Amino acid sequence: MNKQQAQERIKKLKKVINYHRYLYHVLEHQEISEGALDSLKHELYQLEQQFPELITPDSPTQRVGGEPLEGFEKVKRKSPMLSLEDVFGQKELEDWQNYLERLIPNQKFDYFAEMKIDGFAISLIYKNGVFWQGSTRGDGITGEDVTQNLKTIESIPLKLEIHGKLLSKDYDPPSASSHSSLRSEWAPIERNLKREIEIRGEVYMEKKDFEKFNQERKKRGEPAYANPRNLAAGSIRQLDPKLAASRPLKFLAYNIITDLGQTLHSQEHQVLPQMGFKTDPGKVCKDLDEIVDFWKDIIKKRERLPFQIDGIVINVDDNSLFQKLGKVGKSPRGARAFKFSPAQATTVVEDIKIQIGRTGAATPVAHLKPVEVGGVTITRATLHNEDEIKRLGVKIGDTVIIDRAGDVIPEVVKVMKDLRTGQEKEFKMPKACPVCGSQLIKAAKEAIWRCPSSECQAKQKRYFYHFISKGAFDIKGVGPRIIDQLIEENLVTDPADLFELKEGDLIPLERFAEKSAQNLVQALSKSKKIILARF
Ligand code: IVH
């Protein structure tokens, strides 16, 4: 994309993102999922990274939280509360590490990984060891004083005490995660406890309490809350502490802002439980593989956790390196949110091709710009038939929302018409079969066009069988059975389509799992280069 195209796209993205923010936050109405909206924000962020001169102060990427509410005392803080840039998938994690290594060459980075709890960010100030003031993030610098509401939360200690002393040396902090944290010699706090200390963390509501709360609301005919985060935020940002007290809120700490002599972020996680805070023990990771293992482990545990999480947070563990890396815009360079892939994402329809199925059915299939959704990359989505294309109004070049719930075949669920440039092309159902050239026919009242030739698919299959054979591309591990399956599932029309397939296209198919999909994509990639004679 050149700069002018980027500028156009950025302008449209901002408009669409602002529209959905307004719907969600002001009108409390949702037209697209959070995953899809995040996907648009992420595209905007990446374009702005590519063309930093196009960043404007009113860009949605430059926003931290919201304006403080009237009715609360304002709190000004020295060290702003920032937010985190997201990474989706391993590739973006690697890009981040490369970026850090460019900023500080010849430096080995250790990381600290911990759960990213889906709640509401809060800062707590203790004076003389006593809880003095608590505030919301607000615009980062100025927050709302919500001390009275926070005082109703039992998991926020009103007085800091060194509980660790009462516990044995081998004490492992109780938490949903079983990863043991790094043990170190740092035992600094007792003498520092009288200083002004700032702790940051997340107010949240457990899943079971959230369900119960919503059910009771519904019984009273009141609208349910969309998620525990909104409910936690709503309970804290209102003026009646009695109302806050009536809601089962909890607090989980993740940062000690005050310098108490700690040099590593992991030490903060060790000390927080000793000071009386619940925290995730997290894990020190020596490299990206260890981060990915931690991430996968948490995904497995996710369902069983009592609270909602939407990813993991990775910090450069060494606090002085973290400081040195500084921040860009609203977020620190030394930390990232490694999000779980949502079930929906946005991408661009690069082409629509007709696939002839076993019964001759001519199915239009969207060929997509590769996109990660539900944890895997996909390049194809079925459009079912001509009527479905009309219903969606999808054109070639459109930005669309893709849904992939669980291991099912990905679908186009919505077209983002506001992002059109005018260059999109209408798709016209061809009159003839793309494989054999026969006239397509459609029975009255049927939605599906068919190729009437009995030879057609057989011809297409024979062409494919030859293509994968030893004398031609010699694709290991791919035989007629897999080819038949790929054709029947509308994933390939032309042999060249094979090379575009990604794991996520294959996983929903019968007899495929993550590993076999990976093997196939690897085998295909190995066969891309062949000698001229075989070509
Ligand atoms: S570190 C620079 N650690 O996620 C912000 N944040 O956009 C430093 N969150 O505003 C935050 N769990 O509300 C951090 N373990 C965790 C977290 C966490 C949840 C929230 C926090 C922050 C947002 C990131």
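The values are calculated or read from the model by the stated rules, or taken from the named source; none is laboratory data. Keep in mind that this is a model prediction, so the values were computed, not measured. So basically every Cβ, Gly included, is an ideal-geometry build from the backbone, and we count neighbours across all protein chains shown. Ligands, DNA and RNA are excluded from the accessible area calculation, which covers all protein heavy atoms including side chains. Shrake-Rupley method; radii C 1.70, N 1.55, O 1.52, S 1.80 Å.
Across the range 358-372, the residues whose backbone nitrogen lies under 19 Å from the label position 7 Å along the beta-carbon direction of Gln485 are 358-359. Give me log10 I(q)/I(0) at q = 0.15, 0.24 Å⁻¹ for the range 53-157, Debye formula, one equal scatterer per alpha-carbon, no solvent. The calculated log intensity ratios at q = 0.15, 0.24 Å⁻¹ are -0.88, -1.31. Sorting the segments 126-135, 101-110, 76-85 by their residues' average number of neighbouring beta-carbon atoms within 10 angstrom, most packed first, yields 126-135, 76-85, 101-110. For the range 300-441, the average shadow cast by the Cα convex hull is 13.3 nm², which is a quarter of the hull's surface.
Cross-link check: pairs Lys15/Lys296; Lys459/Lys529; Lys14/Lys431 evaluated at a Cα-Cα cut-off of 28 Å; pairs beyond the cut-off: Lys15/Lys296; Lys14/Lys431. When the alpha carbon coordinates of the range 77-125 are projected onto the principal axes, the ranges are 38, 26, 16 Å, largest first. For a straight C-alpha distance cut-off of 12 angstrom, the aspartates and glutamates reachable from Lys526 (same-chain residues fewer than eight places away being disregarded) are Asp474. Extension gain for Glu455-Trp132 works out to 108.2 nm (0.36 nm per residue, less the C-alpha to C-alpha distance). Over the range 204-300, the pair-distance histogram of Cα-Cα distances with 10 Å bins from zero comes to 13, 30, 29, 21, 7, 0 percent, rounded to whole numbers.
Taken over the C-alpha atoms, the range 327-388 has Rg and Dmax values of 17.6, 58 angstrom.
Counting 0.36 nm for each residue step from Arg511 to Phe499 and taking away their Cα separation leaves a gain of 2.3 nm.
For the range 373-451, would you read off the P(r) tail past 20 Å as a percentage of all alpha carbon pairs? The calculated P(r) of the range 373-451 puts 46 percent of pairs beyond 20 Å. Computed over the alpha carbons of the range 271-329, Rg followed by Dmax gives 14.0, 38 Å. Each part reduced to its alpha carbon centroid, the range 115-132 and the range 495-530 end up 48 Å apart. Across the chain, Cα pairs under 8 Å and at least six residues apart give a relative contact order of 14 percent. The share of accessible area on the chain that comes from carbon and sulfur is 50 percent, using a 1.4 angstrom probe. Solvent-accessible surface of the range 415-501, averaged per residue with a 1.4 angstrom probe and all protein chains in place: 56 square angstrom. Quick one: if you stick a label point 7 Å off each Cα along the C-beta vector at Ile141 and Glu350, how many nm between them? Calculated label separation equals 4.5 nm. Dipole of the range 341-401 computed with +1 at Lys/Arg Cβ and -1 at Asp/Glu Cβ about the Cα centre; of Thr359, Gln344, Val376, farthest Cα towards the positive end is Thr359. For the range 233-318, what does the accessible surface come to per residue with a 1.4 Å probe? Please give it in Å². Per-residue value: 39 Å². Shown is the FRET efficiency for Glu198 and Glu31, computed with R0 = 30 Å from the Cβ-Cβ distance and rounded to the nearest 0.05: 0.20. Measuring nothing but alpha carbons in the range 422-535 and taking Rh as the Kirkwood radius, the Rg to Rh ratio lands at 1.02. Note: the chain, Cα convex hull, 189 Å³ per residue.
The residues neighbouring Thr377, those whose beta-carbon lies less than 10 Å from its own, together hold a net charge of -1 under the Lys/Arg +1, Asp/Glu -1 convention. Per-residue packing, averaged as other Cβ atoms within 10 Å, sorts the ranges 147-159, 37-49, 372-384 into the order 372-384, 37-49, 147-159, beginning with the highest. Global dimensions of the range 212-363 from alpha-carbon coordinates: Rg and Dmax equal 22.1, 72 Å. Extents of the range 413-482, taken as max minus min of Cα coordinates on every principal axis and listed largest first, are 48, 34, 21 Å. Counting only protein heavy atoms and a 1.4 Å probe, the range 33-154 has 47 square angstrom of accessible area per residue. Which aspartates and glutamates have a Cα lying under 18 Å from the Cα of Lys3, excluding residues fewer than 8 positions away in the same chain? Output for Lys3: Glu43, Glu48, Glu53. Size estimate for the range 477-535 follows the Kirkwood approach: the inverse of mean 1/r over distinct Cα pairs works out to 12.0 Å. Looking at the chain, the DSSP beta bridges with both ends there are about 95 percent antiparallel.
Cysteine residues of the chain whose Cβ has no partner cysteine Cβ closer than 4.7 Å: Cys285. Per residue, the convex hull spanned by the Cα atoms of the range 1-124 amounts to 182 cubic angstrom.
Can you pick out the pairs among Lys286/Lys515; Lys91/Lys470; Lys414/Lys502; Lys11/Lys74; Lys390/Lys515; Lys208/Lys300 whose Cα atoms lie more than 28 Å from each other? Flagged as over cut-off: Lys91/Lys470; Lys11/Lys74; Lys390/Lys515. Label separation (Glu216 vs His466): 7.3 nm, computed from points 7 Å beyond Cα along the C-beta direction.
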